[in-house]
1. Every residue in the stretch 9-40 that is part of a loop (DSSP other than H, G, I, E, B), surrounded by fewer than 17 Cβ atoms within 10 Å (Cβ to Cβ), touching a residue at least 24 places away in the same chain (Cβ under 8 Å) and not small (Gly, Ala, Ser), please.
2. Which is assigned to a strand (DSSP E or B), without any contact (Cβ under 8 Å) to a residue 40 or more places away in the chain and of a type in the set (A, V, I, L, M), of Val113, Val108?
3. Here is a list of conditions, (1) small (Gly, Ala, Ser); (2) touching a strand residue (DSSP E or B) at 6+ places or on another chain (Cβ under 7 Å); (3) under 22 Å from Ala16 (Cα atoms); (4) modelled with pLDDT under 95, and Gly89 meets all of them except one; can you say which number that is?
4. So which residues in the stretch 64-83 are in a strand (DSSP E or B), in contact (Cβ under 8 Å) with a residue 40 or more places away in the chain and more than 14 Å from the chain's Cα centre (by Cα)?
5. Name the one entry in Phe27, Phe90, Phe98 that is more than 12 Å from the chain's Cα centre (by Cα) and aromatic (Phe, Trp, Tyr).
6. Of the residues in the stretch 41-63, how many are in a helix (DSSP H, G or I) and either surrounded by 14 or more Cβ atoms within 10 Å (Cβ to Cβ) or at pLDDT below 95 (or both)?
7. Within the stretch 79-105, which residues are surrounded by fewer than 17 Cβ atoms within 10 Å (Cβ to Cβ) and either closer than 19 Å to Ala37 by Cβ or among the aliphatic types (A, V, I, L, M) (or both)?
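The values are calculated or read from the model by the stated rules, or taken from the named source; none is laboratory data. Keep in mind it's a predicted model, so treat the numbers as computed, not measured. Glycine also receives a Cβ, built like all others from the backbone with ideal geometry; neighbour counts cover every protein chain displayed.
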Amino acid sequence: MSAPRAHGPQRVALPADRVSACADAFFRHAAAGEWEAMLAVAAPDAVVWQSGGRPARLLRDALPDLRRLRERLGRWEYRDTRRIVGADGFCEQHTVRFHRADGTVRDVAVCVVGYLDASARLVRLDEYLDPSEVSTWSP
């Protein structure tokens, strides 16, 4: 799964269980709104890129947007997870199911590609989704 990362072309070889454990922890903390725990799964200078035209940025700089997303669309869970694990990362397709306080539920299809460093921490996360799926859902 080698590709450009935040730290250059460093290639690592990790056991599949360590890659999966990192992905599991990241998504578990994200779904729970445990932002600091989510960041602890990543390197301090981890980068996130999200489809929709915004440039890549530090993962920690994306936290205000994640908080606003939770306020606007409600808590979420990951469903229908399909993951491919490589020596240096993973590719995961899943459905994000948002649950609003008024009982409204909405599903959004997402694909995430994550790259890890030698310590099995995320260094880059690329998220692919149709941005209109979340931007058009009124508060």
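1. First, pick out the residues of the stretch 9-40 that are part of a loop (DSSP other than H, G, I, E, B): 9-15, 33-34.
Those left that are additionally surrounded by fewer than 17 Cβ atoms within 10 Å (Cβ to Cβ): 9-11, 13, 15, 33-34.
Still in the list and also touching a residue at least 24 places away in the same chain (Cβ under 8 Å): 10-11, 13, 33.
Within the stretch 9-40, Gln10, Arg11 meet the criteria.
2. Numbers: Val113 fails: without any contact (Cβ under 8 Å) to a residue 40 or more places away in the chain.
Within the list Val113, Val108, the selection yields Val108.
3. (4)
4. Answer for the stretch 64-83, where residues must be in a strand (DSSP E or B), in contact (Cβ under 8 Å) with a residue 40 or more places away in the chain and more than 14 Å from the chain's Cα centre (by Cα): just Arg75.
5. Numbers: Phe27 fails: more than 12 Å from the chain's Cα centre (by Cα); Phe90 fails: more than 12 Å from the chain's Cα centre (by Cα).
Only one candidate qualifies: Phe98.
6. Looking only at the stretch 41-63, we keep the residues that are in a helix (DSSP H, G or I), and these are 59-63.
Checking which are either surrounded by 14 or more Cβ atoms within 10 Å (Cβ to Cβ) or at pLDDT below 95 (or both) leaves us with 59-60, 62-63.
The total comes to 4.
7. Of everything in the stretch 79-105, those that are surrounded by fewer than 17 Cβ atoms within 10 Å (Cβ to Cβ) and either closer than 19 Å to Ala37 by Cβ or among the aliphatic types (A, V, I, L, M) (or both) turn out to be Ile84, Ala87, Ala101, Val105.
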